[in-house]
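Just below is one structure, and these are the notes that go with it.
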Amino acid sequence: MKITEIRLGILSVPLRVPFKTALRSVSSVEDVIMEIHTDTGAVGYGEAPPTGAITGDTTGAIIGAIQDHIAKTLVGRDVDDFENLMLALDKCVVKNSSAKAAADIALWDLYGQLYNIPVYKLMGGSRKSITTNITISVNEPDEMVRDALNAVERGYDCLKVKVGKESEKDIARLSAIREAVPRDTCIRIDANQGWSPKEAVRILNGMQERGLDIEFVEQPVKGHDFEGLKYVTERSYVPVLADESVFSPADALKIMQMRAADMVNIKLMKCGGLYNALKITSAAEVYGVECMIGCMLEAKISVNAAVHLACAKQIITKIDLDGPVLCREDPILGGAVFEEKDITVSDEPGLGIRGIEDGRLKYIC
C-alpha cells in the first residue's frame with residue numbers, strides 16, 4: 001500500500017452553543033481535514049483544528065506544514081514502513097503538532113486497513129466503550145446552571161466546568177452549579193491556565209471547604225510553569241491534572257518525575273498524534289500516573305482516533321471526548337458511535353471512517 005496523494009479540505013460544523021473558556025470563544029468547528037490516498041484505493045482520514053491560543057497552530061500554518069513539509073515526506077512511501085514513516089513525520093518540520101497529528105491519525109487509519117484490524121485492537125484492545133464528561137462553558141452563573149441542568153437532563157453524570165476567567169466569580173459559579181445538580185453529579189473544573197499558583201491554592205481550597213466536592217482541577221496555572229504546577233499540587237485539596245503543560249512525551253515524563261501533577265491529560269493535537277500519545281501512556285504505566293484523554297474543539301475524525309486510544313489503554317481512566325456532541329450535527333460517516341455520554345468504538349478496519357457527507361468538505365488542494 002503506497003501513498004500516492006494527499007488532499008486537504010476545510011470542514012465547518014456549527015456548535016449547539018458557543019464554546020467559551022478563559023482563553024477563547026468560538027461558535028463553530030472549522031477544521032482542516034487531511035486525506036491520504038494510496039495505490040490500493042484505500043484512504044486514511046486525519047483532522048486538525050486551528051487552536052492558535054493553545055497550540056499556536058492556525059489554519060494557514062496547518063495547511064502550510066502539510067503542503068510544504070509533511071506531504072513531501074510521505075508521498076511515494078509504503079504504509080507498511082510504519083515506524084520509519086512516524087520518525088520521518090516527526091522530523092520533517094519543527095513543532096506544528098496539529099498538522100503532524102492529522103497525518104499521524106491518517107497513517108494509523110491506513111495501517112489498520114492494511115492489516116484489516118481496528119486501531120484500538122492494534123494498540124491493546126482493552127474495551128469497546130467509554131463514557132465522557134461534557135463541558136460547561138464559562139458564563140454568568142445563571143447561564144452555567146442552565147447548561148449544567150440541560151446536560152444532566154441529557155443523561156450526563158460528569159460535568160467539566162470552565163473557570164479561570166474571573167477568579168472572584170469562580171466560587172460563585174461552582175456553588176450555583178453544585179446546588180442545582182444532583183449531589184452525585186461528578187464535577188471537574190478546567191481553569192485553562194487562568195490563575196497564579198497562590199491564587200489557585202486559595203480558590204481550590206475555598207471550593208472544597210464550601211463542600212463543592214471537586215473531583216480535580218485541570219491546568220490551574222500557566223503551561224510553562226512546572227514549578228507553579230507543583231506548588232499547587234502539593235498544597236491543594238483538589239487533585240491536579242496537567243493539560244497545557246503536556247505537549248510531548250518529554251513534558252509528561254518531566255511532570256511525572258517532578259510529581260508536579262497528580263494526573264496528565266493526553267491531547268493528540270498537542271503531542272502530535274497517536275504515536276507520541278502511546279509513549280505518554282507507557283510512561284504513565286511505569287510511574288503509576290492516571291491519564292485523561294481529551295480533545296480540542298474538534299469534529300469526529302480526530303476525536304474518533306482518541307476513542308481508539310482510550311479503548312486500548314487502561315491507564316486512561318478519565319474521558320473528555322465531548323467535541324462531537326457539542327456540535328449541532330455530525331457530517332462524518334462511520335467511526336465511533338457517540339450517544340451523548342456513551343461512546344462505542346468501531347470494529348471496522350483502521351479507524352472506521354468511511355468519508356464525509358457530500359458537499360460538506362471544501363477542498364483546497
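Run the helix sum for the chain: -39,500 (n - 2.57) per DSSP H stretch of 4+ residues, divided by residue count, reported at 222 nm to the nearest 500 deg cm²/dmol. List each step's numbers first, then the result.
Working: 14 runs with 139 residues, N = 365.
Per the formula, -11000 deg cm²/dmol.
Binning at 5 angstrom from zero up to the longest distance, how are the C-alpha pair distances of the range 23-103 distributed in percent?
Here the calculated profile for the range 23-103 is 3, 15, 26, 24, 16, 9, 5, 2, 1.
Hey, what do the phi angles of the range 99-114 turn into as Karplus ³J(HN,Hα) couplings, whole Hz, using 6.51/-1.76/1.60 and θ = phi - 60°, x for Gly and Pro?
Result, ordered by residue: 4, 5, 5, 4, 5, 4, 4, 5, 5, 4, 4, 5, 5, x, 5, 4 Hz.
Using DSSP to call loops (not H, G, I, E or B), can you name the trypsin sites (Lys or Arg not before Pro) in the range 189-293 whose Cβ has at most 15 other Cβ atoms within 10 angstrom?
Working: sites: LYS198, ARG202, ARG210, LYS222, LYS230, ARG235, LYS254, ARG259, LYS267, LYS270, LYS279; in loops: ARG210, LYS222, ARG259.
Filter output for the range 189-293: ARG210, ARG259.
How much FRET efficiency would the formula 1/(1 + (r/R0)^6) give for ARG7 and ALA250, where r is the Cβ-Cβ distance and R0 is 41 Å, rounded to 0.05? Don't skip to the end; give the middle numbers.
Details: r = 33 Å, r/R0 = 0.79.
For R0 = 41 Å, the calculated efficiency reads 0.80.
Rounded to the nearest 5, what is the percent of antiparallel bridges among the DSSP beta bridges in the chain? All intermediate terms of the calculation are to be shown ahead of the outcome.
On the way: 33 of 57 bridges.
Around 60 percent antiparallel, to the nearest 5.
How high is the FRET efficiency between GLN257 and ARG328 when r is their beta carbon distance and R₀ equals 56 Å, given to the nearest 0.05? Don't skip to the answer; put the middle values down first.
Values: r = 43 Å, r/R0 = 0.77.
About 0.85, to the nearest 0.05.
Under the rule a/c < 1.5 gives rounded, and otherwise a/b versus b/c splits prolate from oblate, where does the range 28-67 land using the Cα gyration tensor? Mind showing how you got there, number by number?
Values: a/c = 3.71, a/b = 2.23, b/c = 1.66.
Cα axes put the range 28-67 in the prolate bin.
Could you calculate the contour length gain from ARG210 to LYS128, that is, 0.36 nm times the residue separation minus the distance between their Cα atoms, to one decimal place in nm?
On the way: separation 82, 0.36 × 82 = 29.52 nm, distance 3.82 nm.
Net length gain for the segment: 25.7 nm.
Just to confirm my numbers, what's the Cα centroid distance between the range 299-365 and the range 54-113 in Å?
Spelled out, the Cα-based centre of one part sits 19 Å from the other.
Using the alpha-carbon atoms, what tilt in degrees (0 to 90, nearest 10) does helix 274-287 show relative to the longest principal axis of the chain?
Around 50 degrees separate the two axes.
Cross-link candidates for LYS165: which lysines have Cα within less than 26 Å, leaving aside residues fewer than 8 places away along the same chain?
LYS20, LYS198, LYS222, LYS230, LYS267, LYS270, LYS318
When only C-alpha pairs under 8 Å and at least 6 residues apart count, what is the relative contact order of the range 170-299, in percent?
On the way: 213 pairs, mean separation 24.7, N = 130.
In percent, rounded to a whole number, it is 19.
Quick one: among ASP104, ASP322, ASP347, which has the greatest mean-square fluctuation in a GNM of the chain with alpha-carbon springs under 10 angstrom?
The residue with the greatest mean-square fluctuation here is ASP347.
Per 0.36 nm of contour for each residue apart, how much would the distance between ARG24 and GLU179 grow if the chain were fully extended, relative to their Cα-Cα spacing?
Length difference between fully extended and current span is 53.1 nm.
GNM, the chain, Cα, under 10 Å: largest mean-square fluctuation among ILE343, ILE54, ILE266?
The residue with the greatest mean-square fluctuation here is ILE54.
Which residues' amide hydrogens lie under 5 Å from the amide hydrogen of LYS160, considering only partners 5 or more residues apart or on another chain, with H built in the peptide plane?
ILE134, THR135, ILE136, ARG188
Normalising by the residue count of the chain, find the relative contact order in percent from Cα pairs under 8 Å and 6+ residues apart.
21 percent
Using Cα-only point scatterers and the Debye equation, what is log10 of I(q)/I(0) for the range 129-260 at each q in 0.16, 0.17 Å⁻¹, rounded to two decimals?
For the requested q values the scattering log ratios are -0.77, -0.85.
Cut-off 10 angstrom, C-alpha nodes, Gaussian network model of the chain. Which of ILE66, ILE280, ILE117 fluctuates the most?
Most flexible of the set in this elastic network: ILE117.
Viscosity 1.567 mPa s, temperature 4 °C: give me the Stokes-Einstein translational D for the range 213-334 in µm²/s, with Rh taken as the Kirkwood radius over C-alpha pairs. Please report the intermediate quantities before stating the final value.
Working: Rh = 14.6 Å.
For the chosen part, D equals 89 µm²/s.
Each value in this text was obtained by applying a stated rule to the coordinates, not by laboratory testing. What you see is a predicted model; the values in this text were computed from it and never measured. With ideal geometry, Cβ positions are generated from the backbone for all residues, glycine too; neighbour counts draw on all protein chains shown.
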